[in-house]
Amino acid sequence: MLDRIQASLHTLSPSEQRVGELLLLDARHFANTSVTELAALAKVSKPTVVRFCRSMGYAGLSDFKLKLAGSLSEGVPFIHRNVNADDKAGEILVKVVDNAAAAFLKYRNDASSTAIEKAAQAIALTQANNNRLEFFGVGNSGFVAQDAQHKFFRLGFHTSAHSDGHLQIMSASLLKPGDCLVLVSNSGRTRDLLDSCTIAKKNGATTVVITASGSPLSKAGHIHLCADHPENYERFSPMVSRLLHLLIIDILTTAVALQLDSHVLQPKLRNMKTNLLQKRYS
């Protein structure tokens, strides 16, 4: 949580930056201090303290403090350890599992429930209004986009996934108000995805970005679902990042499914399951 705030600090207004700097100086003191005292220490108004919390993706000061206290008290029981070329199978096993567990627990403490709720509502609206839902990703993130398309296709959405840059630009150009585009990126610096995001926004579509805090893509979309991790993706094929992105897609899928009409959705899912059983050997 503190790493994400540090990475996002430069995007805030000068007064909100002072609140963030106060937090980073002593997070425990911040979590246990009244809004009046925080405002006085940061030399800002009380509404500015609340605006800082909302800029970080939380509903308000109470929600922010709750997540902050949980992050500080629970922490993460593992540290990220890079896989080395001379590691044995047992060492690789432990590092990969521990790194994934650490990333998941860190995300649980850091994630903005407000941002997740906004993204789920935007996606759910596309089905309610019979609009398009599209997922874009490049490289490893392209597989995540395909997984997302598969999950939402099962829920009855008009959805597709693209990992080719030219197809992404073409598809983004056809999006319109009411459509939703979800872009997945580890680095948040892929030019094709940034261009697609810009085009989709210009056409009036809602854009949701799943990427690292402080990256160009994180600032380009309407809704940012941060996916921060310490993985060195330049040395080995990304593992933790892909698992983290898949986890976020699962959270979104569940949140959206709960907003849909269960009386309509459940019979469709049962019928689909029945039909799929015919594809298996008894």
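What to note about this one:
Each row is one residue, and each column tells you yes or no for (1) small (Gly, Ala, Ser); (2) over 30 Å from Gln6 (Cα atoms); (3) touching a strand residue (DSSP E or B) at 6+ places or on another chain (Cβ under 8 Å); (4) open to solvent by less than 50 Å² (accessible area, probe 1.4 Å).
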position: Gly188; (1), (2), (3), (4): yes, no, yes, yes
position: Arg191; (1), (2), (3), (4): no, no, no, no
position: Thr207; (1), (2), (3), (4): no, no, yes, yes
position: Ser215; (1), (2), (3), (4): yes, no, no, yes
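- Looking across the stretch 143-160, the residues that are out of contact with any Asp or Glu (no Cβ under 7 Å at 6 or more places or on another chain) and farther than 13 Å from Ile210 by Cβ come down to Phe143, Gln146, Gln149, His150, Lys151, Phe152, Phe153, Arg154, Leu155, Gly156, Phe157, His158.
- For the stretch 125-161, the set of residues classified as of a type in the set (D, E, K, R) and within 16 Å of the chain's Cα centre (by Cα) consists of Glu134, Asp147, listed by residue number.
- Elements of type helices (runs of 4 or more DSSP H) in the stretch 75-174, at least 2 residues being closer than 21 Å to Leu246 by Cβ, among the aliphatic types (A, V, I, L, M) and touching a Ser or Thr at 6+ places or on another chain (Cβ under 7 Å): none
- Filtered by the rule that a residue be under 16 Å from Gly137 (Cβ atoms), open to solvent by less than 40 Å² (accessible area, probe 1.4 Å) and modelled with pLDDT of 95 or more, the stretch 219-239 gives Ala220, Gly221, Leu225.
- Selection within the stretch 68-82 - surrounded by 15 or more Cβ atoms within 10 Å (Cβ to Cβ) and at pLDDT below 80: Ala69, Gly70, Ser71, Leu72, Val76, Phe78, His80, Arg81
- The stretch 26-60 - residue that is hydrophobic (A, V, I, L, M, F, W, C) and more than 22 Å from His10 (Cβ to Cβ) and, of those, nearest to the chain's Cα centre (by Cα): Ala59
- Tally, over the stretch 248-271, of residues that are open to solvent by less than 60 Å² (accessible area, probe 1.4 Å) and over 17 Å from Ile123 (Cα atoms): 2
- When Asp228 is tested against (1) closer than 27 Å to Leu93 by Cβ; (2) in a helix (DSSP H, G or I), exactly one condition is not met: (2).
- The set of residues in the stretch 193-205 being surrounded by fewer than 23 Cβ atoms within 10 Å (Cβ to Cβ), within 16 Å of Phe136 (Cα to Cα) and of a type outside the set (Asp, Glu) consists of Leu194, Thr198, Ile199, Lys201.
The values are calculated or read from the model by the stated rules, or taken from the named source; none is laboratory data. Nothing here was measured: the structure is a model prediction, and the numbers come from that model. When we count neighbours, we look across all protein chains shown, and the Cβ atoms used for this are built from the backbone with ideal geometry, even at glycine. Only protein heavy atoms, including side chains, enter the accessible area calculation; ligands, DNA and RNA are left aside. Shrake-Rupley method; radii C 1.70, N 1.55, O 1.52, S 1.80 Å.
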